[in-house]
Every structure is written in structure tokens, then in C-alpha cells.
Amino acid sequence: MLSIIYSPDFLLHDTGPLHPEKPERISAIVAGLERVAWANQIEWQLPTPLETRDILPFVKQIHSSEHINEVREIAQNGGGYLDPDTPVSPQSYNVALLAVSAWLDGVDKVLTTHNPVFVLARPPGHHATRTTGMGFCLFSNAAIAANYALQKSGIKRVAILDWDVHHGNGTEAIVEDNPQIAYCSIHQYPCYPGTGKNSDLGKYNNILNLPMSPGSTIAEYEPMFSQKIIPFLSNFQPDLIIVSAGYDANHKDSIASVSLQPEDYGLFTNYLLQIDRRLLFGLEGGYHLETLTKSVILTLETCL
């Protein structure tokens, strides 16, 4: 069975009529997964409700109180913006906390079953820093999940692989000083947010950035996986691998200029499965609904 953690409440984060990070992103993925031939092998799981578990302490371990309060206050006051790209609607604060809950549930599920889990949640998180949200992101889901995993018995090291087309500046800034977390990002450069140089190695050589030129295809990406990413992750010997699974490097995605195909994400997933089946995938970017849906399907199909 494949576990997918999802709630219809993730559709309630309202970004406005023209924003690329829209609710239809995950409703399209859900519809696509309901049609696959192996749909009976999917276990759909609701995230732990906010009434049942106090999520805030885990968020506060990563984010400043000022940032958390700002998101909450904007939501309570009817909505607004953290930056020109990052809207907060009246429901966004609670939805963002529920997304964190889903990522934490994903950690628990992977560590219990030793099998891959996909967190189908929004808003995304990898651009959110300790002190602010940006780039469509409110809270740093992957960093919060990694920190949470390290509090579990027997978990000594967690690796994060970010294959979103944009560098996860927030995730890197949060985890770079923690020797128990390795962060690897393969991303278009130059591109938003302008970070992710290959000379940034982290305080403990725990950072690997692989900037890719606009127009890159699987011919350029595949050697990076086989020669750089997989050795880096393997040498770190993680007890859990978290994937910031953004699908905006697809050739049809207009938000950047990398030219991957949906099946390429199956190849990436296959590489990771050679290291360990303890994989937590969490949705980040991906804005062309058809290729986004196909890419998620092929990621999961490879795990079967």
C-alpha cells in the first residue's frame, strides 16, 4: 500500500483568482490518483486535526514568534500579503498549521512502516525562513518535519532532497547549522530567489547545491543524481529522507525554464529507493496541472 496524507481543507488556502499556487493543483492530483489502475493500493489518510494535537510547539522550534503571529493576525484580519507573491487568506493560518500536521504524520508513518509516504498538502514551505514567509510559502514544512524526526527514538540523521526548480532558501538557512541534517537542492540558476550557489556548503559540509542552467533536460540532471546527489545522501547515512517534491521543472511549467518530463521524476525516485525506502515526499511547487499530476503519479507508481 501507498500512504497519501491529504485533507480537502488544504483547498481553503485561497490565493486569489490568478495566483499559480491555487487549490486546483491538489484537486487535479487527487482526481488523477483516483483514476490510476492501482488506485486500490492507495491508503488515503487525513492529517491529525489541530484540535487533537498542538502543532504550534513544533512550528515555534523553527520559526520566530513574530512570524507566526504575523501570519495569524493577517488571517484573523481578513487576509493580506506577506510579500507581493505570498497571500494569506482568512483560512490560511489554520490550513498552514494543518499542512505541518500532515508532514509530521508523514514522518510518523514512514518511521512506522519503513515505506514511502506522500504528503499532498499546501501551502508549500521551502522558501519560508525562520522570520518570514515568501515565494508562496508560509511555514517551512520540510525543516519542521526534519527537526521533528530527530526527536524520535533512534533517529540520528535526516536528509532533505529538494528537487523543486527553485532553490529552497528557507530550508537551507534553517538547517545549515545542524550537523544532523543534510540538505541537497538541484535547481535552476539564475532563478528566484537567487540563492543556492554550489559554493555554499554549510557549517558541517552538510549542504549540496547543484545549480542547473535554464533549458536543462534529463541528460543534464541524470549525471547529477548518479554522480553527486546519491553519493552525498548515501555518505550521510540518513535514517529518513525527506523530499521537497516540487514539480515545476517540467517542460510545460511556465514559472521557470528547465525541461524535464513527468517520467523523469520516476527515475529520481528510483535512485532514492536504492538508498532506502524510508522516504517522505511532500508537495512543494508545480503549476502546470497536467504535468504536475502525471509527475506525482509516476513518483508514486515507482514506489510500488
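The values are calculated or read from the model by the stated rules, or taken from the named source; none is laboratory data. Please read all numbers here as calculations on a predicted model, not as lab measurements. Glycine gets a Cβ as well: all are built from the backbone with ideal geometry, and neighbour counts include every protein chain shown. SASA here: full protein model, heavy atoms, side chains in, ligands and nucleic acids out. Shrake-Rupley method; radii C 1.70, N 1.55, O 1.52, S 1.80 Å.
Go through the residues of segment 204-226 one by one and say whether even a single one is part of a loop (DSSP other than H, G, I, E, B), buried (at least 24 other Cβ atoms within 10 Å of the Cβ) and hydroxyl-bearing (Ser, Thr, Tyr).
If we filter segment 204-226 for residues that are part of a loop (DSSP other than H, G, I, E, B), which is where we start, we get 204-206, 213-217.
Applying the additional criterion that residues be buried (at least 24 other Cβ atoms within 10 Å of the Cβ) yields none.
No, segment 204-226 contains no residue that is part of a loop (DSSP other than H, G, I, E, B), buried (at least 24 other Cβ atoms within 10 Å of the Cβ) and hydroxyl-bearing (Ser, Thr, Tyr).
Could you list, ordered by first residue, the pairs with Cβ atoms under 8 Å in which the first is in segment 1-25 and touching a residue at least 40 places away in the same chain (Cβ under 8 Å) and closer than 21 Å to LEU104 by Cα and the second is of a type in the set (Ser, Thr, Tyr) and open to solvent by 30 Å² or more (accessible area, probe 1.4 Å), at least 6 apart or interchain?
Qualifying pairs under 8 Å: SER3/THR113.
Condition (residue is touching a residue at least 40 places away in the same chain (Cβ under 8 Å), in a strand (DSSP E or B), within 18 Å of LEU240 (Cα to Cα) and not acidic (Asp, Glu)) applied to segment 135-158: is it met by at least one residue? Walk me through how you get there before you give the answer.
If we filter segment 135-158 for residues that are touching a residue at least 40 places away in the same chain (Cβ under 8 Å), which is where we start, we get 135-149, 152, 154-158.
Retained after the next criterion (residues that are in a strand (DSSP E or B)): 137, 158.
So of that shortlist, the ones also within 18 Å of LEU240 (Cα to Cα) come out as 158.
Right, trim to not acidic (Asp, Glu) and you get 158.
So far as segment 135-158 goes, yes, one or more of its residues are touching a residue at least 40 places away in the same chain (Cβ under 8 Å), in a strand (DSSP E or B), within 18 Å of LEU240 (Cα to Cα) and not acidic (Asp, Glu).
Just to check your reading of the model, which residue among GLN76, GLN45 is within 24 Å of ASP239 (Cα to Cα) and open to solvent by 20 Å² or more (accessible area, probe 1.4 Å)?
Details: GLN76 fails: within 24 Å of ASP239 (Cα to Cα).
Matching residue, one of GLN76, GLN45: GLN45.
What are the residues in segment 1-20 that are part of a loop (DSSP other than H, G, I, E, B) and farther than 18 Å from LYS294 by Cα, if any?
Narrowing segment 1-20 to residues part of a loop (DSSP other than H, G, I, E, B): 1, 6-7, 13-20.
Answer for segment 1-20, where residues must be part of a loop (DSSP other than H, G, I, E, B) and farther than 18 Å from LYS294 by Cα: MET1, SER7, HIS13, ASP14, THR15, GLY16, PRO17, LEU18, HIS19.
Do the conditions hold for ASP248, that is, is it of a type in the set (Asp, Glu), farther than 25 Å from ILE144 by Cα and not in a strand (DSSP E or B)?
Values: of a type in the set (Asp, Glu): yes; farther than 25 Å from ILE144 by Cα: no; not in a strand (DSSP E or B): yes.
Against the criterion (of a type in the set (Asp, Glu), farther than 25 Å from ILE144 by Cα and not in a strand (DSSP E or B)), ASP248 does not qualify.
Yes/no per residue for (1) hydrophobic (A, V, I, L, M, F, W, C); (2) part of a loop (DSSP other than H, G, I, E, B):
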position: LYS22; (1), (2): no, yes
position: GLU34; (1), (2): no, no
position: PRO57; (1), (2): no, no
position: HIS63; (1), (2): no, yes
position: GLU66; (1), (2): no, no
position: LEU97; (1), (2): yes, no
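Just one of the numbered conditions (1) over 20 Å from VAL30 (Cβ atoms); (2) of a type outside the set (Lys, Arg); (3) open to solvent by 10 Å² or more (accessible area, probe 1.4 Å) is not true of LEU104; which one?
Here LEU104 clears every test but (3).
Tell me yes or no: at least one residue of segment 111-134 is hydroxyl-bearing (Ser, Thr, Tyr), surrounded by fewer than 21 Cβ atoms within 10 Å (Cβ to Cβ) and touching an Asp or Glu at 6+ places or on another chain (Cβ under 6 Å).
no
For segment 174-197, state whether one or more residues are in contact with a Ser or Thr (Cβ under 7 Å, 6 or more places away or on another chain) and part of a helix (DSSP H, G or I). Give the derivation first.
Start the filter on segment 174-197 by keeping residues that are in contact with a Ser or Thr (Cβ under 7 Å, 6 or more places away or on another chain), which leaves 174, 183, 188, 196.
Next, only the ones that are part of a helix (DSSP H, G or I) stay: 174.
Within segment 174-197 (the criterion being in contact with a Ser or Thr (Cβ under 7 Å, 6 or more places away or on another chain) and part of a helix (DSSP H, G or I)), the answer is yes, since at least one residue qualifies.
If we keep just the residues of segment 276-304 that are assigned to a loop (DSSP other than H, G, I, E, B) and open to solvent by less than 10 Å² (accessible area, probe 1.4 Å), which is nearest to ILE5 (Cα to Cα)?
Residue satisfying both the conditions and the ranking: GLU284.
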